[in-house]
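Dumping the structure here so I can ask a few things about it.
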Amino acid sequence: MKRNITNSRGFTLIELMAVIIILGILAGLIIPRIMGSPEEARRIKATLQIESLETALKMYKLDNGVYPSTEQGLQALVEPPSVGILAKRWREGGYLEKGRIPKDPWKNEFVYLSPGINSDYDLSSYGPDDQEGGEGINADINNWEL
């Protein structure tokens, strides 16, 4: 019972080279597009973080009747405030899942002002330059503009 395997053959060197060239061309087209958008991804992440902080601030207000003051800051979301109007019914465990205030994608603190100039509170990320204002990739991300 001997089988004859003469019809079975592997890929030729030319076929392998053709596949490698095609993969190289595809990588050359796709990688620059992926690599060109990390800043866009950071801006989207900052927007999502601001929306998450807004939800926590709304829960704080529902429990305590007011938003944390500028002096209390976002820290009031993770520990009961000790200055200003004290929280009447501060939620055990705080208002943020991980029990800490996240930094924006550029490792900077979010800017919180209450009462705000544009709404009940203003919440911003100053972007990669960590300076108020800016244009293009350095533009601020503000809760009142979302």
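No value in this document is a laboratory result; all are computed from the given coordinates. Note that the structure is a prediction, hence the values are computed from the model and not measured. Note that we place each Cβ from the backbone using ideal geometry, even for glycine, and neighbour counts take in every protein chain shown.
Considering only region 48-71, state which residues are touching a residue at least 24 places away in the same chain (Cβ under 8 Å) and in a loop (DSSP other than H, G, I, E, B).
Of everything in region 48-71, those that are touching a residue at least 24 places away in the same chain (Cβ under 8 Å) and in a loop (DSSP other than H, G, I, E, B) turn out to be TYR67, PRO68, SER69, THR70.
Taking region 97-146 as the search range and keeping residues that are of a type in the set (Asp, Glu) and touching a strand residue (DSSP E or B) at 6+ places or on another chain (Cβ under 7 Å), which one is surrounded by the most Cβ atoms within 10 Å (Cβ to Cβ)?
Going residue by residue through region 97-146, those that are of a type in the set (Asp, Glu) are 97, 104, 109, 120, 122, 129-130, 132, 135, 140, 145.
Remaining after also requiring touching a strand residue (DSSP E or B) at 6+ places or on another chain (Cβ under 7 Å): 104, 122, 140.
Details: ASP104: 22, ASP122: 17, ASP140: 17.
My answer is ASP104.
Inside region 118-146, can you point out the residues that are of a type outside the set (D, E, K, R), touching a helix residue (DSSP H, G or I) at 6+ places or on another chain (Cβ under 9 Å) and assigned to a loop (DSSP other than H, G, I, E, B)? Don't jump to the end; show me each part of the working.
Step one: list which residues in region 118-146 are of a type outside the set (D, E, K, R), which gives 118-119, 121, 123-128, 131, 133-134, 136-139, 141-144, 146.
After this cut, where a residue has to be touching a helix residue (DSSP H, G or I) at 6+ places or on another chain (Cβ under 9 Å) as well, the list is 118-119, 121, 123-128, 131, 137, 139, 141-143, 146.
Matches in region 118-146: ASN118, SER119, TYR121, TYR126, GLY127, PRO128, GLN131, ALA139, LEU146.
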